[in-house]
1. So the check is Cβ under 6 Å with 6+ separation or different chains; which pairs have a first residue in the range 96-117 that's closer than 26 Å to residue 194 by Cβ and a second one that's within 14 Å of ligand 2 (Cβ to nearest atom) and modelled with pLDDT under 90?
2. Could you tell me which of the residues 276, 234 is buried (at least 19 other Cβ atoms within 10 Å of the Cβ) and in the same structural domain as residue 325 (by TED's automatic domain parsing)?
3. For residue 297, work out the one condition from (1) under 32 Å from the mean Cα position of the chain (by Cα); (2) within 14 Å of residue 377 (Cα to Cα) it doesn't fulfil.
4. Which one of these does residue 264 not meet: (1) surrounded by fewer than 16 Cβ atoms within 10 Å (Cβ to Cβ); (2) under 30 Å from residue 49 (Cβ atoms); (3) in contact with a strand residue (DSSP E or B) (Cβ under 6 Å, 6 or more places away or on another chain)?
5. Within the range 39-66, track down each residue that is more than 13 Å from ligand 1 (Cβ to nearest atom) and not in a strand (DSSP E or B).
6. How many residues, within the range 316-326, are assigned to a loop (DSSP other than H, G, I, E, B) and either surrounded by 19 or more Cβ atoms within 10 Å (Cβ to Cβ) or not assigned by TED's automatic domain parsing to the domain that holds residue 366 (or both)?
7. Only one of (1) more than 12 Å from ligand 1 (Cβ to nearest atom); (2) touching a helix residue (DSSP H, G or I) at 6+ places or on another chain (Cβ under 7 Å); (3) more than 24 Å from residue 230 (Cβ to Cβ) is not met by residue 76, so which one is it?
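The values are calculated or read from the model by the stated rules, or taken from the named source; none is laboratory data. Remember, predicted model here, so these are calculated numbers, not experimental data. Here the Cβ is made from the backbone with ideal geometry for all residues, glycine too, and neighbour counts use every protein chain on show.
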Ligand SMILES: Nc1ncnc2c1ncn2[C@@H]1O[C@H](COP(=O)(O)OP(=O)(O)O)[C@@H](O)[C@H]1O
Ligand SMILES: [Mg+2]
């Protein structure tokens, strides 16, 4: 296939990569003005998506999924907070620049396709190229045809969209979304109106595009479909469940995850900084959310040893929650870069575990296992 696709650049420098998140929402809040007063639809949303990631957003109807996507596409604006997409502050663009910017940077796919019924399938795909004056006039039709080949609908190029089935129309909509070769595809319930087999083929197409380097965000309330993405962000009542909290305690239900997210405080540490000292009183449970921490053990008459490295989603402070309330090891940020941890006080953790016996048991087993390892590293037989 001759068709060219945007390839995200890679950068060996961690910090630089961090700054180059394809999508970066920082402390986004959205209030809708209603007759009954302000409605808080998004609450302190932080979401970072790297180039080439395939992320699904799931949540109940009315939880804020479309509102969240509208912040990213610039269809609507946050009341406060920042939205960065491909290096552009979307929240800073005025209406004139917004449409042109969106046309080049984002391909948007809707649940009900939203193809123009009066023009042919191929003309629908050419429209964004015409609007953004992308590609030479003579090339646009050829490119549109190549995109139709990609979605396996070249035979239907000259039909009106209404002559096509729902699944076919959605594939046309995806081809249209790709017209200007945007780095990012945003799809709001793209399979919500399709039967499961057709939905499957639309997902296969998304997977194919991710392989070609696109960054894709889809909203779906089909959790089986959602699992086919690289990762899933849960949204409930306008709040995003912290994905590392979800990774650390996968047996919590949606509401409990939100509660855990809300009770976590974020702390950041410079590379190499001490986070906890061995022997100090323990009062919190920690989930690593960025970077790597080292578990450092003092050994009698020997130098300290780094017993373990813990990356995002890994936890510490669980041994002390179940056993003695003094830290069993020192924890420090690795030299590789800054570290972010989520801190949940033991009182909050207790409340949470009272609601989920399965999670308590899972954490207890982890604590027991780690306690045993801790003792053997120290040369103490347990
Ligand atoms: N323009 C609006 N004005 C007032 N309330 C709105 C508006 N748009 C959405 N809402 C409310 O915000 C909440 C989130 O809506 P939405 O983002 O559409 O949810 P979802 O896409 O998850 O179903 C809902 O309670 C909805 O009623
Ligand atoms: Mg919606």
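1. 111/192; 111/193
2. Only one candidate qualifies: 276.
3. Every condition holds for residue 297 apart from (1).
4. Every condition holds for residue 264 apart from (1).
5. Matches in the range 39-66: 50, 51, 52, 53.
6. 1
7. Every listed condition holds for residue 76 apart from (1).
For (1) in a strand (DSSP E or B); (2) within 21 Å of residue 338 (Cα to Cα), each residue gets a yes or a no:
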site	(1), (2)
246	no, no
251	no, no
259	no, no
266	yes, yes
271	no, yes
279	no, no
286	yes, yes
